[in-house]
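Since the structure comes first, as structure tokens, the remarks are kept for the end.
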Amino acid sequence: MQEYEFFFLSLNRSFIMTIGTDEQGLVDFLSMFSLSVDAENSIIQIRPFQQTTLELRNNINSFVDKHKANTPQVHSLRQFVEGIGEGEFFFFHPNRNFSTQDIVTIGNYLRAANGNEDFELLTSQTQESLGRVLENYEPVAYANSRRTMIGESERKKRVCRFCGQSEPVVKFRKVAHAISESLGNKSIILNEECDTCNEVLGDEVEIDMINYLSLYRTFFTVHGKDGIPKMKEKTFRFQHLKDREFAFVLQGDNTATEYGPPKAIIAKTNQRVALQNIYKTLCKYALSVIERKYIPYFTETIEWIRGRKDFSELPKIAMLTTYQFMDSVASPAIIVYRRKTNDKNLPYLVGEFHFTCLVFIFVVPLSSQDDRTFTYSTDYDGFWNCFPYSRIQDTNWKFDDFSDSQKRLLEFKIKLLQRK
Ligand SMILES: [Zn+2]
């Protein structure tokens with residue numbers, strides 16, 4: 001019995017399937033995607049671009065039924081194939097180490113094949129928007145869809161990324177989530193965060209992010225440690241009842257007038273939140289997923305996250321509300337872009353955080369590899385224009401200042417629209 005990995009990519013999703021099987025099982029599996037099987041010489045010719053046909057679906061169903069008892073992971077193969085339309089093309093390969101550039105090219109090929117679009121035109125369009133960022137940055141993505149353990153697996157050898165300590169000075173008994181568990185992350189685990197930092201940073205920094213996103217956590221029924229949160233706040237209550245049915249009760253001063261309900265209401269919570277802690281939390285997520293060898297470039301950033309250093313000159317955070325990625329990116333997810341060139345006009349580390357319908361793009365400040373703060377608009381614009389997002393839905397991006405380190409009562413302004 002041996003383990004094999006296969007990479008699948010369709011227009012809106014990708015997944016890596018791991019199967020443990022014997023040689024016959026492997027041949028059965030590969031035969032479904034093959035052009036020809038030469039059993040005598042053990043040669044199977046594979047076609048990486050596959051089209052979903054009834055025959056392929058039937059073959060996959062029989063394969064899944066045959067193997068599901070021993071390898072439950074085969075269910076995700078059925079899900080993947082069910083998720084794509086009849087006659088649609090997808091990509092299949094026994095190699096998973098594709099660069100971002102490769103994925104973009106494969107994606108363009110699929111778009112061209114599925115939508116009768118011009119491959120050359122798509123290539124030149126994506127090249128224009130992605131080219132500069134890929135020339136300068138190495139992106140790495142982590143999503144809450146695949147169990148990932150980051151950093152040293154052996155406890156005795158672990159060094160905490162945030163305090164630099166090891167056992168026995170600190171302990172590594174708890175499971176540290178690279179993105180807060182309350183935001184629904186069950187899969188991305190950081191080995192290199194000690195129990196003390198986990199507790200202190202969780203209680204003092206990450207808690208503000210969790211409260212800041214509370215409305216979204218309830219509305220998108222995000223399961224944290226204690227299920228979907230119920231909000232019982234100063235002037236309102238909000239909870240999920242069942243099957244995406246909600247109760248929202250506003251208490252206190254009723255601002256309705258004789259002309260009808262108000263256009264917007266202010267819902268006050270009981271939580272005090274410092275916006276700067278939201279920025280710190282995003283940076284903590286980014287530093288949790290980068291390779292350990294780059295951590296020494298962020299000594300000052302970590303001092304700042306831990307509250308050992310004040311810093312109020314923060315760049316703006318770009319925020320977008322969009323439903324565009326909700327099907328394709330498992331929430332929460334983080335992508336980190338690490339600059340691979342010496343071009344100091346660009347920040348060394350940029351993070352992109354996805355949570356439900358929200359996207360945050362932020363510069364990780366205070367790196368020893370940067371010579372500026374990206375707070376001046378010319379520096380910030382230079383960075384922003386390098387990123388492909390500057391060209392997508394550019395009018396919808398908001399650029400907010402999260403420098404305020406004062407704890408303030410969190411309020412939500414909720415707009416009300418007349419039902420048509
Ligand atoms: Zn620590």
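Every read-out reported here was derived from the displayed coordinates using simple, explicitly stated rules and does not represent laboratory data. Here the structure is a predicted model, which is why all the values come from computation and not from measurement. Glycine gets a Cβ as well: all are built from the backbone with ideal geometry, and neighbour counts include every protein chain shown.
State which entries of Lys284/Lys316; Lys284/Lys413; Lys232/Lys398; Lys242/Lys407; Lys293/Lys344 exceed 26 angstrom in Cα-Cα distance in the structure shown.
Among Lys284/Lys316; Lys284/Lys413; Lys232/Lys398; Lys242/Lys407; Lys293/Lys344, the Cα-Cα distance tops 26 Å for Lys284/Lys413; Lys232/Lys398; Lys242/Lys407.
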**Fill in**
Evaluated at 4 °C and 1.567 mPa s, the Stokes-Einstein D of region 2-105 based on the Kirkwood radius over Cα pairs, in µm²/s, stands at 91 µm²/s
**Message:** Taking the Cα centroid of region 60-130 and of region 171-190, what is the distance between the two, rounded to the nearest whole Å?
**Reply:** 30 Å
**Asked** How large is the dipole of region 145-195 about the Cα centre if only Lys and Arg carry +1 and Asp and Glu carry -1, each at its Cβ, rounded to the nearest 20 debye?
**Response** 160 debye
**Item:** Contact order normalised by residue count of region 2-105, Cα under 8 Å, 6+ apart, percent
**Value:** 36 percent
**Prompt:** Hey, if you put +1 on the Cβ of every Lys and Arg and -1 on every Asp and Glu Cβ in the chain, which of Val64, Trp304, Ala274 ends up farthest toward the positive end of that dipole?
**Reply:** Ala274
**Fill in**
The ratio Rg/Rh over the Cα atoms of region 233-315, Rh being the Kirkwood inverse mean 1/r radius, stands at 1.21
**Asked** In a shell of Cβ-Cβ distance under 11 Å around Val249, excluding Val249 itself, what net charge do Lys and Arg (+1) and Asp and Glu (-1) give?
**Response** +1
**Fill in**
Taking Cα pairs closer than 8 Å and at least 6 residues apart, the relative contact order of the chain in percent is 15 percent
**Message:** Projecting each Cα onto the charge dipole of region 261-420 (Lys/Arg +1, Asp/Glu -1 at the beta carbon, about the Cα centre), which of Met319, Leu409, Tyr294 comes out farthest on the positive side?
**Reply:** Leu409
**Request:** Taking the dipole about the Cα centre of region 195-256, with the C-beta of Lys and Arg at +1 and of Asp and Glu at -1, give me whichever of Tyr216, Phe238, Cys197 is farthest to the positive side.
**Result:** Phe238
**Item:** Positive minus negative residues near Thr53 (Lys, Arg vs Asp, Glu; Cβ under 15 Å)
**Value:** -2
**Asked** Tell me, what does the Kirkwood hydrodynamic radius of the chain come to in angstroms if you use every pair of distinct C-alpha atoms?
**Response** 24.2 Å
**Message:** Give me the dipole magnitude in Debye, nearest 20, for region 2-105 about the Cα centre, with unit charges on the beta carbon: positive for Lys and Arg, negative for Asp and Glu.
**Reply:** 320 debye
